[in-house]
Amino acid sequence: MDAARASVTRAVNATQRDATVMLSQFFILSPRGDALVTKDFRRDLPRRTHETFYRTVRAWARSRRREDGEEDAEESAMGEHSREYSGAPAVFREDGVNYAHVKASGLYFVATTTRNASGSVILELLHRLARLVKDYCGALTEDAVRKLSLIHISEPTRRYAISYAVFCLK
């Protein structure tokens, strides 16, 4: 009986350890798709996953504009990145990778995972990270994020998915 209980306890502990790191990667992209900040938590995805994300989001944006017939002279003059809405859903799956993103002030805050994770929890995390970067930098712009000498995103600090700690240092 004690051996079975110990075996179950080890299995539960291993599951909890695996569940604490639900994100595979996190990155902040510029409106042109340049990676401003990247963090690979689990090293289970290629390093260039952000390029796949950006190509997919752009393809969705182009098809959305074609469907809506929204190509007008003013938007063309302002550039493709003038609209805040990207056309892509906030959470989607492409080639076995789950992507969740938030677009704030033209920057894409993106998380990837290969696991079945709660999209709402990841989106809440991304919203909080965007708000934190804005509060720290004073403005949420590409230049402000580039001027940071270091953005360190640590592993989860607690067993809860929303507990990723962020430290911004100059």
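Summary table below
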{"quantity": "Members of segment 119-143 that are open to solvent by less than 50 Å² (accessible area, probe 1.4 Å) and assigned to a loop (DSSP other than H, G, I, E, B)", "calculated": "Ala139, Leu140"}
{"quantity": "Subset tally (residues that are in a loop (DSSP other than H, G, I, E, B), touching a helix residue (DSSP H, G or I) at 6+ places or on another chain (Cβ under 6 Å) and at negative phi) for segment 21-50", "calculated": "2"}
{"quantity": "Of the criteria (1) assigned to a helix (DSSP H, G or I); (2) open to solvent by 60 Å² or more (accessible area, probe 1.4 Å); (3) modelled with pLDDT of 90 or more, which one Tyr54 fails", "calculated": "(2)"}
{"quantity": "Candidates Asp34, Asp44, Asp40, filtered to the one that is under 26 Å from Asp143 (Cβ atoms), open to solvent by less than 70 Å² (accessible area, probe 1.4 Å), at pLDDT 90 or above and within 16 Å of the chain's Cα centre (by Cα)", "calculated": "Asp34"}
{"quantity": "Failed criterion for Ala117 (all others in (1) closer than 16 Å to Phe27 by Cβ; (2) under 14 Å from the mean Cα position of the chain (by Cα); (3) modelled with pLDDT of 60 or more; (4) of a type in the set (A, V, I, L, M, F, W, C) hold)", "calculated": "(1)"}
{"quantity": "Filtered residues of segment 104-118 (kept if within 22 Å of Thr141 (Cβ to Cβ) and not in a loop (DSSP other than H, G, I, E, B))", "calculated": "Ala104, Leu107, Tyr108, Phe109, Val110, Ala111"}
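Okay, residues lined up against (1) open to solvent by less than 60 Å² (accessible area, probe 1.4 Å); (2) at pLDDT below 85:
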| residue | (1), (2) |
| --- | --- |
| Val8 | no, yes |
| Ala11 | yes, yes |
| Thr49 | yes, no |
| Glu75 | yes, yes |
| Glu84 | no, yes |
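The values are calculated or read from the model by the stated rules, or taken from the named source; none is laboratory data. If you're wondering where the values come from, they're calculated on a predicted model, not measured in any experiment. Positions of Cβ are backbone-derived with ideal geometry, glycine not excepted, and every protein chain shown enters the neighbour counts. Surface accessibility is based on the protein's heavy atoms, side chains included, excluding ligands, DNA and RNA. Shrake-Rupley method; radii C 1.70, N 1.55, O 1.52, S 1.80 Å.
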